[in-house]
Amino acid sequence: MESLAGPSDLAADPRLLEAVEQFNQGDWYASHDGFEALWHENLEPERTELQGILQIAVGHLHRERGNLRGATVLLGEGLGRLSRCGAGVLGFDLAWLRRNSARYLEALQQEEPLEGLAAPCLRPAPYGEPPVD
């Protein structure tokens, strides 16, 4: 995983990097635990961003376990939180994560197949480019 450079000291925390790796591997339960621990320890502006990401992870855990209603609720809550983060402070490409998660949410709401949708991942924000929301 590329290093996440950003204004937040949290971006260099090895526990964050581990939770990101777990998220990107689809290990939703473990990534949720990692993000939740960090969420409890941090204040704004990181706190809302961490909570939005962990809610998206839990949404995908529910989806994986067949709880589509729970998946819909948690993805919606995560998207709502991340919409308040703008570009974010942890160095993630939140615009991409929001678009990806919105596609999953829409498919769940419309009861459409989820196959073929890009797997969610946390990737570094593009550098030198203005954030796209």
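The values are calculated or read from the model by the stated rules, or taken from the named source; none is laboratory data. Because the structure is a prediction, the values reported are computed rather than measured. Don't worry about glycine lacking a Cβ; one is built from the backbone with ideal geometry, like all the others, and counts go over all protein chains shown.
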The range 20-34 residues that are surrounded by 22 or more Cβ atoms within 10 Å (Cβ to Cβ), paired with ones that are small (Gly, Ala, Ser) (beta carbon under 6 Å, 6 or more apart): Phe23/Ser31; Phe23/Ala57; Trp28/Ala57; Ser31/Ala19; Ser31/Ala57; His32/Ala57; Gly34/Ala19
Note on the range 90-102: residues closer than 19 Å to Tyr127 by Cβ, touching a residue at least 40 places away in the same chain (Cβ under 8 Å) and assigned to a helix (DSSP H, G or I) are Leu94, Leu97
Do you know which residues across the range 22-37 are assigned to a loop (DSSP other than H, G, I, E, B) and within 20 Å of Asn67 (Cβ to Cβ)? Gly26, Asp27
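One line per residue, one yes/no per condition, for (1) part of a helix (DSSP H, G or I); (2) among the hydroxyl-bearing types (Ser, Thr, Tyr); (3) under 11 Å from the mean Cα position of the chain (by Cα):
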residue: Arg47; (1), (2), (3): yes, no, no
residue: Leu50; (1), (2), (3): yes, no, yes
residue: Leu75; (1), (2), (3): yes, no, yes
residue: Tyr104; (1), (2), (3): yes, yes, no
residue: Glu112; (1), (2), (3): no, no, no
Unique match (being over 13 Å from the mean Cα position of the chain (by Cα), part of a helix (DSSP H, G or I) and either at pLDDT below 95 or within 19 Å of Val20 (Cα to Cα) (or both)) among His60, His40: His40
Could you grab me the full set of residues in the range 51-69 that are without any contact (Cβ under 8 Å) to a residue 24 or more places away in the chain and under 19 Å from Asn100 (Cβ atoms)? His62
Matching residues in the range 76-119 (under 18 Å from Leu16 (Cβ atoms) and touching a Leu at 6+ places or on another chain (Cβ under 7 Å)) number 9
Just give me the residues in the range 73-105 being polar (S, T, N, Q) and surrounded by fewer than 20 Cβ atoms within 10 Å (Cβ to Cβ), in sequence order. Ser83, Asn100
